[in-house]
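A quick write-up on the structure given underneath.
The values are calculated or read from the model by the stated rules, or taken from the named source; none is laboratory data. Just so we're clear, the structure is a prediction, and the values are computed from it rather than from any experiment. Cβ coordinates were reconstructed from backbone atoms using ideal geometry, including for glycine residues, and neighbour counts include every protein chain displayed.
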Amino acid sequence: MENSQQPLVNWIPNKLVEKDNGIYVEWVYLSDLKFAEPFFDETIAKCRSHAYNSKSFKVLSTIENTIDWSQEMVSVELKSLIFHISRCGSTMLSQSLATSSENIMISEAPIIDQILRNEIFGTETKTALLKAVLRFFGQKRFPKQKHLILKLDAWNIFEIDYLRSIFPNIPFALLYRNPGEVLRSHQKMAGMHMVPNLIPPAVFGITPNEIDQIDSKQYRALVLEKYFQGFLDFHQTDKNVIILNYNEGMKSVVEQFVSFIKVDYSKDEMDKMLERLKKHSKNESSVFMGDSYKDDVLIVNHKKADLLHQKLNENFSRQLAR
């Protein structure tokens, strides 16, 4: 069935909601908007004024309906999942990829994290729902669209083994950066995952005993250490994964990623992607002036993160030498 004949074209699952002791899917109408904003939620915010989305009631469906309806949706091919440690160029990478008319770039959609961290669904339901949501995200709404690329939240690295089990042939990318620079960025403005207890510490594998013995700065270093360890553990066992180093330059990151996922973009498409790197990742009207940080301004012990970073760098060098 062509999507033009499908009544749910331009509708996408937005989030899971609890209602009447059940879990439902809330829907949003995209109209003709593309996923061009730095984050999924920003695209959703832009379409809130549409008549379908501004009514006093919300459009909800059951989990079962969502899974069933997705079978009718014409969707492009899922090309890659991008994992990252935060503040490491992942938004710049996703914004670069979003400039291509061939790509549907989904960046940190909350419903994906909701599904991954849901403890009520059984594995079979969780997997079916996740794949259904991705089919709706990847619906072919414009003629040139061919590829769906998903950037996850940083803490979703801890779901990577599950994701590999359900996407055995999809290329996974791991993007990282010098830990001192990442921590300096969070010291300036901490992300939600770097604030103790805003996301349950157990998500990162952090125990209550560990939290009791550290302050907020040490907590950020510990979270980052867990990210690096997750990257190393997966990279050492998986054959269909690439590690990408922000400190090698974003042009290199984009080119390596494109080569890895084996997409033959035209010169014009590649030029657009590389041109986007000259602008700020979160504000395309602003020229990117760089954001390097000095480790020596950090009053925090992140020695283990440094050691894990060195190991990742060694893996990265071996990867380039192949």
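Leu222 meets each of the listed conditions (1) modelled with pLDDT under 95; (2) in contact with a strand residue (DSSP E or B) (Cβ under 7 Å, 6 or more places away or on another chain) apart from (2). For the stretch 54-67, a residue qualifies if it is loosely packed, with under 13 Cβ neighbours inside 10 Å and touching a residue at least 24 places away in the same chain (Cβ under 8 Å), and exactly one does: Thr62. Go through the residues of the stretch 219-231 one by one and say whether even a single one is farther than 30 Å from Ala202 by Cβ and of a type in the set (Lys, Arg). Looking for residues that are farther than 30 Å from Ala202 by Cβ and of a type in the set (Lys, Arg), one finds none in the stretch 219-231, hence no. Of the set (1) at pLDDT below 95; (2) crowded, with 19+ Cβ neighbours inside 10 Å; (3) within 16 Å of Glu26 (Cα to Cα), all apply to Met73 but (3).
For the stretch 146-164, a residue qualifies if it is among the charged types (D, E, K, R) and assigned to a strand (DSSP E or B), and exactly one does: Lys151. Please find, among Ala51, Ala36, the residue that is within 21 Å of the chain's Cα centre (by Cα), of a type in the set (A, V, I, L, M) and loosely packed, with under 14 Cβ neighbours inside 10 Å. The match here is Ala36. Residue count for the stretch 201-224 satisfying the condition of being under 19 Å from the mean Cα position of the chain (by Cα) and not aliphatic (A, V, I, L, M): 1.
Residues considered: Leu163, Leu134. Of these, the only one that is under 18 Å from Val76 (Cβ atoms), under 17 Å from the mean Cα position of the chain (by Cα) and in contact (Cβ under 8 Å) with a residue 12 or more places away in the chain is Leu134. Can you find a residue that is surrounded by 18 or more Cβ atoms within 10 Å (Cβ to Cβ), over 17 Å from the mean Cα position of the chain (by Cα) and touching a residue at least 60 places away in the same chain (Cβ under 8 Å) anywhere in the stretch 142-154? The answer is yes; a qualifying residue exists. The residue that is nearest to Lys304 (Cα to Cα), counting only those in the stretch 205-236 that are in contact with a His (Cβ under 8 Å, 6 or more places away or on another chain) and of a type outside the set (Lys, Arg), is Glu225.
Scanning the stretch 14-24 for residues that are over 16 Å from the mean Cα position of the chain (by Cα) and in contact (Cβ under 8 Å) with a residue 60 or more places away in the chain turns up Leu16, Ile23. Exactly one residue among Leu175, Leu222 is surrounded by 18 or more Cβ atoms within 10 Å (Cβ to Cβ) and out of contact with any Phe, Trp or Tyr (no Cβ under 7 Å at 6 or more places or on another chain), and that residue is Leu222.
Scanning the stretch 259-281 for residues that are closer than 21 Å to Arg318 by Cβ and either aliphatic (A, V, I, L, M) or surrounded by 12 or more Cβ atoms within 10 Å (Cβ to Cβ) (or both) gives Phe260, Ile261. Considering only the stretch 115-166, state which residues are of a type in the set (Phe, Trp, Tyr) and in contact with a Lys or Arg (Cβ under 9 Å, 6 or more places away or on another chain). Listed by number, the residues that qualify are Phe142, Trp155, Phe158, Tyr162. Looking across Glu108, Glu124, Glu119, one residue alone is buried (at least 19 other Cβ atoms within 10 Å of the Cβ) and not aliphatic (A, V, I, L, M). It is Glu108. Please verify whether Lys79 is modelled with pLDDT of 95 or more and basic (Lys, Arg), treating the condition exactly as stated. So Lys79 passes the test.
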